[in-house]
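What follows is a single structure, written as structure tokens, with notes after it.
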Amino acid sequence: MKFTAVASALLCANIAAAAPGTAARREREVQRSINRRTNTLQPAVGALELPNGNGTAHVEYSSNWAGAVLIGTGYTSVTGTIVVPTPSKPSGSSSGTYSGSAWVGIDGDTCGTAILQTGIDFTISGSTVSYDAWYEWYPDYAYDFSGIPISAGDSITMTVTATSKKAGTAVIKNNTTGKTVTHSFSSETNQLCEENAEWIVEDYESGSSLVNFADFGTVTFTGASVNGGTGVSGATIIDIEQNSKVLTSCSTSGSSEVVCSYTG
């Protein structure tokens, strides 16, 4: 979930460059929050509860999210490491630009007041693949990190930490290159609930519609942890379903991995 606009980009140009797709991601997240609060969001393929060996349950389908969500209390730090995927145009798709995002967050699901997130976007346009890393404290804008080049195959660790309900940090470390970037938040107006922890691959919106979702292969969040070690046991698994077709297959492996594969 990310948000930007021309006016805001101009006003904040001396702070940070707005990340691609930000308006879309915030727009989608606002609608998701409204749906959650009014209980109108329903799994597209039924409210199934299929426990696996790790105690997770596959209970939800989304048009935008794939991954794992913990719902509870006291979540103040979420981390996960991925290998940067090489996005491709889905089989049978027309030419154009295809994108997606992988991120970790606090409070992106049931909390309606604030979200602390950090992650990477991946895009393929023609034969050109590009990446950017970003951070956000919703409802403020998302911004690109600078000084952290990202390439396919790099190992990236993403961490968000809430030092209070109004302050925290977003950190992305490229383990392959040794580069680390950090953004600190302080005295934010909107408070976190500290009730959600997420590891998500997302098809975000642009304008009023979803971007063309890239075939991301498989994204695995390793070392997935909460508050330094809780892990993903008990998480809800979410897959993306669009036009009556399920595009992803997500699961957990052990207590500290979330695995999402593109199946569309």
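Before moving on, here are some points about what is shown:
- Cα gyration tensor, the range 205-263 - rounded (a/c under 1.5), prolate or oblate: prolate
- Anisotropy class assigned to the range 96-166 is prolate, per the alpha carbon gyration tensor with a/c at or over the 1.5 cut-off and a/b larger than b/c.
- Eligible lysines near Lys245 by straight Cα distance, threshold 30 Å, same-chain separation 8 or greater: Lys2, Lys89
- Eligible aspartates and glutamates near Lys179 by straight Cα distance, threshold 16 Å, same-chain separation 8 or greater: Asp132, Asp144, Asp154
- Net charge of neighbours whose Cβ lies under 15 Å from the Cβ of Thr97, counting Lys and Arg as +1 and Asp and Glu as -1: -4
- Shape category assigned to the range 65-210 from the gyration tensor of Cα positions, a/c cut at 1.5: prolate
Throughout, read-outs are computed from the coordinates displayed, never taken from laboratory work. Quick caveat, the model's predicted, so the values are computed rather than measured. All Cβ positions, glycine included, derive from the backbone under ideal geometry; neighbour counts span all protein chains shown.
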